[in-house]
Each structure stands twice: as structure tokens, then as C-alpha cells.
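Enquirer: For reference, the structure I am asking about is given below.
The values are calculated or read from the model by the stated rules, or taken from the named source; none is laboratory data. Fair warning: this is a prediction, and the values are worked out from it, not measured in the lab. Don't worry about glycine lacking a Cβ; one is built from the backbone with ideal geometry, like all the others, and counts go over all protein chains shown.
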Amino acid sequence: MKVYLDNNSTTPMDDRVKEVYCKATKYFGNVNSIYDLGIEARRKLAEAYDIIYPAIGASDEDDILITSSTTEGNNTVIKTFLYAFLRGNPKKHIITTVAEHSSIKAPLAFCKKFGMEVTYLYTDENGRIDPKELENAIRDDTALISVLFASNESGAIEPIKEVGQIAKKYNIPFHCDGAQAIGKAEVNVRELGVDYFTFSAHKFHGPKGVGALYVRAKAPYENLIHGGNQMGGKRGGSVYLNGVLAMAEAIKLANEHLDEMNTRVKALRDKLEEAILQIPDTKTYVDKKFRLPNTVIASFKGIEGEAMLWDLNQKGIYAATGSSCSSERLEGSEVLEALGEDPEIAHTGIIFSLSRFTTEKEIDYVIEVLPEIVKRLRNISMTYAKK
Amino acid sequence: MARNDLLSGSVWEQYSNKVIERMNNPRYVGEFSEEDAKKRGAKLVVADFGSEACGDSVRLYWLVDPKTDKIIDARFKSFGCGTAIASSDVMTELTIGKTVDEAMKITNIDVEKALRDEPDKPAFPPQKMHCSVMAYDVILEAAAKYKGKNVKELKDDEIVCECARVTRKEIEEIVRKYKVKTIEELQKYTDAGKYCKSCVAPGGHEERDVYLVDIIKEVNEQMEKEEIKKGLETGEFDKMTLVNKIKAIEKILNEKIKPFLAMDGGSVEFVDLREEDGKTKIYLRYLGACATCSSGALTAKAIEEELKKELKSNNLEVIFI
């Protein structure tokens, strides 16, 4: 049996999305062409927007720019403020969190090269920032606040509404990386009080290579990609129409299945979590009320994360590590350490993330093989050696 | 290479079959107790290396025949990824049947080679070489324990890059020999710093006492000092610093040339000096009678010859302005 439990990384496409995607290839006309083919394509794009705008609670005066990914959207937002700074705007300070994805951290590191300053807010044992600390970090020259909706690793959901209120109080633009939000939580950008919101279709059973950047009306904006007058001239490049149509279908389905996510999928997650905790010397993290319904992050004392992934893979189970020993950089487990875990345990973190396609049979299979895997690896482990 | 970099392949994809086999079925996992040792008339040695906080650690158990110093059996326990477990397993196997002194010669490179399927194809990707380094270190720990010595006494040279086992001395020699200025240049001549990259510069996977960038800088500074000193000692003009070149030129002007020109009521003045394409251009100016003398060009040639002779260098040119 193959069990895919790395849905916070990417997801399989829904068959209904695939159908839309494939059928949409016939609208090959360029949405900017003046003749009938172009008009037809433009109508299809309008239909997609009819779905996407209400799906995240955007108002028609706001922009939802089609991008290639969350990463592109995050870069666009951050560099809007970098360009302003380089043109002489004195606002050079950006506030963000330690829990951000590299698509926030890397552009911010880039901004620092030009003299901008970044404050990273720490998260607590539930993986959440303290809004009071955010308020204390605000300076006269703060240009932007950027806080992720939820972590792909810990699953911790940040207090976005409170951040939005603080940002409004101090009149500072607020960006939210929403890659983990769609399909796992209700999203209404106006209610959340965000000025920018980014997401990618492939995180909610859509295709890879298409995403969106929400920009509230009148929020500062500068192009990342200059080109033709697509997206009102705000993002050059021919519009990936079948990708957009597929994303619209995917976001519609994600919202339709939100209840299922919060009931059936969540129950499966809870079942898996309980089974993990039945195994001695294991722990799970982040209070469930602050956690994405599909995510469980656990530690298995004495078993290095990559070794665990290896054995899971041997059994056809695909999960993720908090400590990514498999990457070129060989970083330690910053995730579990940020959640207050000891360094010895931090290297044993495993993240299981479910989706609406996860079945009870699959979870039962994982629950069945997990104790054998733990037994084999603990037998090798030095932690469990007699002194 | 560039194409492969873009593909950024999975680490696991690059494991040899032997690594996979050893990870799935390690042969020497286990422990020995004092009782086991007694039964087999051996001395028990237990040594640890690494730490779980850093993500890697290994414990090695040896049963050593005290009469022959031979390791009659060995086992290990390990906290680490697949490569670490496979490396520990092979390392443990390699020590069996060897004397403690022979075992001390086993390095991480031997372990990696033993895990290869084909002699020329690495058993795992470069960033995983780090995992096999513990194999060497834990053997040294065990040997030190058996001999009742400190590990430092057993290490002969200061290893800078543990993955490729390159010593500080070797790095220094390469920097000197090839006048290396950057890491990229250094890596044309050595594998140091190509694996886990911790030893290249601060900020890598592990903290180090010394980094390759520091050694390159130090050796270059040392070489520069030596050059200057050499220039001073031998009086070799081409090896002098700019200041010393100027001093040497002025000395010759004052002692040899000016007295000669003064006989005709003229003089010469040092104006500037430039180094271009390895050549030293000396800019001078005539003063007094020389400034209007019709045989200026001839005199200029003579001055250049005199400077060349006195400074023992053909690498200079005199230009009058």
C-alpha cells in the first residue's frame, strides 16, 4: 500500500480539477488578443475570477494577480518595499516570524544586503507569535509586517486577525503567506485584515505552476515581473489560462470540502496521533486548537528523522522530517527546537500531513506498521543501548 | 554539472546498493557486556563519539584479546540517518580481526570505499560523507581507551577537512605551491571542503576551530611578508614593495646620477612610479641645465642603463616628463 502523508508539501490533483485543466487547453487564445479567440479566453478568465474572488472574500476593487507560485507572490510583496527603500523611502524595517518559509526568509535576507532591517518574532511552544511582542517590535520606520497563516511543519495557525488589527492601528501594510490556508481553514481576506495574501494551487489539489497574490485596493505595489499589460500591467507574461481555470476549480472544491477537512480528515489525524502517542517515548506538538486539522508533528525518541523516513518509505509511506538532514545544508531541527524541544529530541521529528484523499484504511495501515518500524530502529539506536 | 545542479537529485537516489542493504539489514548492531568479554577471555572496550543533539552519534563495542591486541569481535549502536547506520556497520566489520593499531589506520574514506558497488562510483553523495567521519573518530576513541591514552596523542596531524581527511599542512602546501587565493582555486588541487562543507567557512553544518578560508588568508599574508623580507634581504628590485622600490631608486639617483649631472649644472628629480604588466615605469624630471640640454634623450638612455645595472633588473623603464 502507498500512503501519501506529505500534503503540506504538495498534493495530488483532484480528478475534477484535472478534467477542467485538460478541457481548458482548448482555450488557447491569448486573453489579450482582440479577436474572438481572445475574447473567449478572456471570458474563461473572468469565470475563474468569479470563483476565486469570493472564495477568499476579496472585494472587486482589490487585485488578485495570477502568479506562478506563493514564492513569486511573497517575493513581489517584499520587493515592493525594497524598491521603495532603494528609491529613498526611509521605511527600512520589516517584521516577520521565525516560522516563515524560505520564500519569505530568503527575499528578506536579500533586502538586508541593501541595508533594510528585519525583526524575526519568536514563536511559543504552540508555534505561535505573541501579538504583544509584535506591537513592541513596531518602529516608526516599519515598512511591512509579514506573518504566515500556518506553518507547513508544525501546523501552527498564527493569530492573523489580531496581527491584522495591530497593523491597521499603526497603519502598516500587512502580508500573510497563505500557502497552508486554503482548504484547511476558512479564509476571508477582508475579515483577516490582510493587505496581501499569497497561495499556490498545488497545495489544495490544483496544478503546480500557478498561484495568486491578493493585493488590497490602494496597498503599495511594484511589479516583480515587467512585461506586457497582462494583469493590468502588474504582472507580465501570458496568462496560464488552463492553470488558472484549474486553480479556480480547486479552490471551489477546497472550500466545499472544508467541512470534511474539519471532521473526517481531522478525525483520521486524531486517530493517527493517538496511535503515535501509544508508542512509548513519543510526543506530539502544538495544541490541536491552534493546529491545522490535517497535520501532526511527532517525535520518536532515539530515531533520527531521516532514518524514520527511510523505513516509512520502505513501507510505502511518505512523510516529512522537521530536521532536514537530507538537504544539502544539513540543518538541525529548528522546528522542534522552536517548539521548546531539547536538541536530542529535535532531530527525531516527523511531520504527517493528510488530505481529503486520505482514507481510514491508509491510516490504519500506518498505525499497523509504525510500531514495527520504531522497534527496528530503536534496536539500532544508541539512545536505547544499555550503558 | 550545471544540468545536474538544476535537477538537484534526491540524496537517497545516489546511495549504493550496499548502503541500502546495510541500512535495511545491518549485520553488527548489538552490545557486549563485561560478562561477554570474560567468557571470551577478552577485554571490553566501549567508546562513544558524536552527540544526539547534533543529529549523529555512535557507540562502538570491541572485544580485544589482551595478549595479541587483536579485536576478536565488535558491535555498534548508532543514532543517525541511513548513511550513518550503514557506515557504522561497515566500520565495525572492518575492525574485526585487526589489531588495535591496524584498526586505527581505518579512515572514513576506507569505510566509504567499502560501501561502493563499483570502485569508481561514490557510495553516497558528498554532503553525506560527513556521516562516515564518525567511523574514524570512534575507532580512535576506542583505541585510546584500550591503550589508556588521550585521543589527541593518537592523532598525528591536524585534520582540517575530516570528510576528505586533509591536514592543515597539506592545505598550506597547496596554497603556497599554486599561489591559491580562493576556495575555488584550492579545490582544483584538493577535495578538502567539497563534502559537508563545514570546514570551508564559518556558518556551516558544524563549528570548527579553523576554516579553509582562514588558512588561505593566513598563508597568503605569510607569503607576502616573506616576499617583502626576501626583497629586503636579497635587494632584488622586482620583489620589493613600492615604498622600497622608491627608496632604492632615490638612493641611486642621489649617490650615482645626481653627482654626475651636477658637473654640467643639471639635476634630476623622481616624480612617480607605476607598475604595469609586471614592468616598473619610473617617471623622472630634468632640473637645471638638463631641462634645456639638447642631449637629453642620450642622457635619459644612460640613466636607464645605470638604474638597470644598479638595481639588477631589466624589468624597468625610465620615462622623462
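Enquirer: Do you know which residues across region B:277-294 are assigned to a helix (DSSP H, G or I) and within 19 Å of residue B:307 (Cα to Cα)?
Expert: Within region B:277-294, just B:290 meets the criteria.
Enquirer: Another question about this same structure. Evaluate region A:325-336: report whether one residue or more is surrounded by fewer than 18 Cβ atoms within 10 Å (Cβ to Cβ), outside the structural domain of residue A:45 (by TED's automatic domain parsing) and either of a type in the set (A, V, I, L, M, F, W, C) or at pLDDT 95 or above (or both).
Expert: Checked region A:325-336: no residue is surrounded by fewer than 18 Cβ atoms within 10 Å (Cβ to Cβ), outside the structural domain of residue A:45 (by TED's automatic domain parsing) and either of a type in the set (A, V, I, L, M, F, W, C) or at pLDDT 95 or above (or both).
Enquirer: Go through B:150, B:108 for me and flag whichever is among the polar types (S, T, N, Q) and crowded, with 17+ Cβ neighbours inside 10 Å.
Expert: After ruling out the rest, the residue left standing is B:108.
Enquirer: Now for a different question. Any idea which of B:164, B:192, B:143 is more than 29 Å from residue B:316 (Cβ to Cβ), of a type in the set (A, V, I, L, M) and not in a loop (DSSP other than H, G, I, E, B)? Even if it seems obvious, please write down each step before you answer.
Expert: Numbers: B:164 fails: not in a loop (DSSP other than H, G, I, E, B); B:192 fails: not in a loop (DSSP other than H, G, I, E, B).
Residue meeting the stated conditions: B:143.
Enquirer: Turning to a different aspect of this structure: Suppose we filter region A:30-43 for residues that are farther than 14 Å from residue A:232 by Cβ and either buried (at least 19 other Cβ atoms within 10 Å of the Cβ) or of a type in the set (Val, Ile, Thr) (or both); how many remain?
Expert: Quick first cut of region A:30-43, residues farther than 14 Å from residue A:232 by Cβ only: A:30, A:33-41, A:43.
Okay, now just the ones that are also either buried (at least 19 other Cβ atoms within 10 Å of the Cβ) or of a type in the set (Val, Ile, Thr) (or both), so A:34, A:39, A:41.
The number of residues fulfilling the criteria is 3.
Enquirer: Another question, if that's okay. Quick check on region A:287-307: of everything there that is hydrophobic (A, V, I, L, M, F, W, C), within 24 Å of the chain's Cα centre (by Cα) and crowded, with 24+ Cβ neighbours inside 10 Å, which residue is nearest to the other protein chains (Cβ to nearest Cβ)?
Expert: By that ranking, first place goes to A:297.
Enquirer: Go through (1) outside the structural domain of residue A:174 (by TED's automatic domain parsing); (2) surrounded by fewer than 24 Cβ atoms within 10 Å (Cβ to Cβ) for residue A:231 and report which single condition fails.
Expert: For residue A:231, the failing item is (1).
Enquirer: Which one of B:36, B:73 is within 14 Å of chain A (Cβ to nearest Cβ) and not hydrophobic (A, V, I, L, M, F, W, C)?
Expert: Only one candidate passes the filter, namely B:36.
Enquirer: Residues in region B:198-215: is at least one away from chain A (no Cβ under 14 Å), touching a residue at least 40 places away in the same chain (Cβ under 8 Å) and more than 30 Å from residue B:50 (Cβ to Cβ)?
Expert: no
Enquirer: Can you work out which of the residues in region A:354-366 that are surrounded by fewer than 20 Cβ atoms within 10 Å (Cβ to Cβ) and among the hydroxyl-bearing types (Ser, Thr, Tyr) is nearest to the other protein chains (Cβ to nearest Cβ)?
Expert: Restricting to residues being surrounded by fewer than 20 Cβ atoms within 10 Å (Cβ to Cβ) and among the hydroxyl-bearing types (Ser, Thr, Tyr), the top hit is A:365.
Enquirer: Among the residues of region B:167-177, are any under 20 Å from residue B:81 (Cα atoms) and buried (at least 18 other Cβ atoms within 10 Å of the Cβ)?
Expert: no
Enquirer: Still on this structure, please answer the following. Quick check on residue A:260: is it over 20 Å from residue A:148 (Cβ atoms), surrounded by 17 or more Cβ atoms within 10 Å (Cβ to Cβ), modelled with pLDDT of 95 or more and more than 14 Å from chain B (Cβ to nearest Cβ)?
Expert: Considered against the rule, which asks whether it is over 20 Å from residue A:148 (Cβ atoms), surrounded by 17 or more Cβ atoms within 10 Å (Cβ to Cβ), modelled with pLDDT of 95 or more and more than 14 Å from chain B (Cβ to nearest Cβ), residue A:260 comes out as no.
Enquirer: More than 17 Å from residue A:145 (Cα to Cα) and buried (at least 22 other Cβ atoms within 10 Å of the Cβ): which single residue out of A:239, A:187, A:194 fits that description?
Expert: On the way: A:239 fails: buried (at least 22 other Cβ atoms within 10 Å of the Cβ); A:194 fails: more than 17 Å from residue A:145 (Cα to Cα).
On inspection, the qualifying residue turns out to be A:187.
Enquirer: May I ask you to verify whether residue B:80 is closer than 27 Å to residue A:346 by Cβ and either more than 14 Å from chain A (Cβ to nearest Cβ) or buried (at least 20 other Cβ atoms within 10 Å of the Cβ) (or both)?
Expert: So residue B:80 passes the test.
Enquirer: Let me ask you something else. Output the residues belonging to region B:1-24 that are facing chain A (nearest Cβ under 10 Å), at pLDDT 85 or above and out of contact with any Phe, Trp or Tyr (no Cβ under 8 Å at 6 or more places or on another chain).
Expert: B:20, B:24
Enquirer: Is it the case that residue B:114 is within 14 Å of chain A (Cβ to nearest Cβ), among the hydrophobic types (A, V, I, L, M, F, W, C) and touching a residue at least 12 places away in the same chain (Cβ under 8 Å)?
Expert: no
Enquirer: When the residues of region A:2-29 are narrowed to those that are in a helix (DSSP H, G or I) and out of contact with any helix residue (DSSP H, G or I) (no Cβ under 7 Å at 6 or more places or on another chain), which ends up surrounded by the fewest Cβ atoms within 10 Å (Cβ to Cβ)?
Expert: Step by step, filter region A:2-29, then rank; the result is A:15.
Enquirer: What are the residues in region A:84-116 that are in contact with a helix residue (DSSP H, G or I) (Cβ under 9 Å, 6 or more places away or on another chain) and either free of Cβ contacts under 8 Å to residues at least 40 places away in the same chain or small (Gly, Ala, Ser) (or both), if any?
Expert: If the condition is that a residue be in contact with a helix residue (DSSP H, G or I) (Cβ under 9 Å, 6 or more places away or on another chain) and either free of Cβ contacts under 8 Å to residues at least 40 places away in the same chain or small (Gly, Ala, Ser) (or both), then A:99, A:102, A:103, A:106, A:107, A:108, A:110, A:111, A:114, A:115, A:116 are the ones that fit.
Yes/no matrix, rows are residues, columns are (1) assigned by TED's automatic domain parsing to the domain that holds residue B:166; (2) out of contact with any strand residue (DSSP E or B) (no Cβ under 7 Å at 6 or more places or on another chain):
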| residue | (1), (2) |
| --- | --- |
| B:183 | yes, yes |
| B:187 | yes, yes |
| B:226 | yes, yes |
| B:251 | no, yes |
| B:261 | no, no |
| B:266 | no, no |
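Enquirer: Of all residues in region A:242-263, how many are assigned to a helix (DSSP H, G or I), out of contact with any Phe, Trp or Tyr (no Cβ under 6 Å at 6 or more places or on another chain) and in contact (Cβ under 8 Å) with a residue 24 or more places away in the chain? Give the derivation first.
Expert: Step one: list which residues in region A:242-263 are assigned to a helix (DSSP H, G or I), which gives A:242-256, A:258-263.
Imposing the further condition that a residue be out of contact with any Phe, Trp or Tyr (no Cβ under 6 Å at 6 or more places or on another chain) reduces the set to A:243-245, A:247-249, A:251-253, A:255-256, A:258-263.
Now restrict to residues that are in contact (Cβ under 8 Å) with a residue 24 or more places away in the chain: A:243-245, A:247-249, A:251-253, A:255, A:258, A:260-262.
Looking only at that region, the number is 14.
Enquirer: Evaluate region A:70-88: report whether one residue or more is of a type in the set (S, T, N, Q), surrounded by fewer than 21 Cβ atoms within 10 Å (Cβ to Cβ) and either in a loop (DSSP other than H, G, I, E, B) or on the phi > 0 side of the Ramachandran plot (or both).
Expert: From region A:70-88, those of a type in the set (S, T, N, Q) are A:70-71, A:74-76, A:80; that's our starting set.
If we keep only those that are surrounded by fewer than 21 Cβ atoms within 10 Å (Cβ to Cβ) as well, we get A:71.
Now narrow it down to the ones that are either in a loop (DSSP other than H, G, I, E, B) or on the phi > 0 side of the Ramachandran plot (or both): none.
For region A:70-88, residues of a type in the set (S, T, N, Q), surrounded by fewer than 21 Cβ atoms within 10 Å (Cβ to Cβ) and either in a loop (DSSP other than H, G, I, E, B) or on the phi > 0 side of the Ramachandran plot (or both): absent.
Enquirer: Given (1) farther than 26 Å from residue A:188 by Cα; (2) surrounded by fewer than 17 Cβ atoms within 10 Å (Cβ to Cβ), where does residue A:276 come up short, assuming only one miss?
Expert: Failed condition: (2).
Enquirer: Show the residue pairs that are 6+ apart or on different chains and have beta-carbon atoms under 9 Å apart, the first residue being within region A:367-387 and within 13 Å of another protein chain (Cβ to nearest Cβ), the second being outside any loop (DSSP other than H, G, I, E, B) and of a type in the set (Val, Ile, Thr).
Expert: As it stands, the answer is A:373/A:317; A:377/B:85; A:379/B:29; A:380/B:29; A:380/B:85; A:382/B:58; A:387/B:46, since those pairs meet every condition given.
Enquirer: Hey, another quick one. So residue B:98 ticks every box in (1) in contact with a Gly (Cβ under 9 Å, 6 or more places away or on another chain); (2) surrounded by fewer than 22 Cβ atoms within 10 Å (Cβ to Cβ) but one. Which box is left unticked?
Expert: (1) is the only condition that residue B:98 fails.
Enquirer: Mind listing just one residue for me: the one in region B:208-246 that is within 19 Å of residue B:157 (Cα to Cα) and assigned to a loop (DSSP other than H, G, I, E, B) and, of those, nearest to the chain's Cα centre (by Cα)?
Expert: Among them, the one singled out is B:211.
Enquirer: Which of (1) among the aliphatic types (A, V, I, L, M); (2) loosely packed, with under 14 Cβ neighbours inside 10 Å; (3) not in a helix (DSSP H, G or I) is the odd one out, the single condition residue A:267 does not satisfy?
Expert: The failed condition is (3).
Enquirer: Taking the condition of being surrounded by 20 or more Cβ atoms within 10 Å (Cβ to Cβ) and either more than 23 Å from the chain's Cα centre (by Cα) or not assigned by TED's automatic domain parsing to the domain that holds residue A:297 (or both), how many residues in region A:342-353 meet it?
Expert: Total satisfying the criteria: 1.
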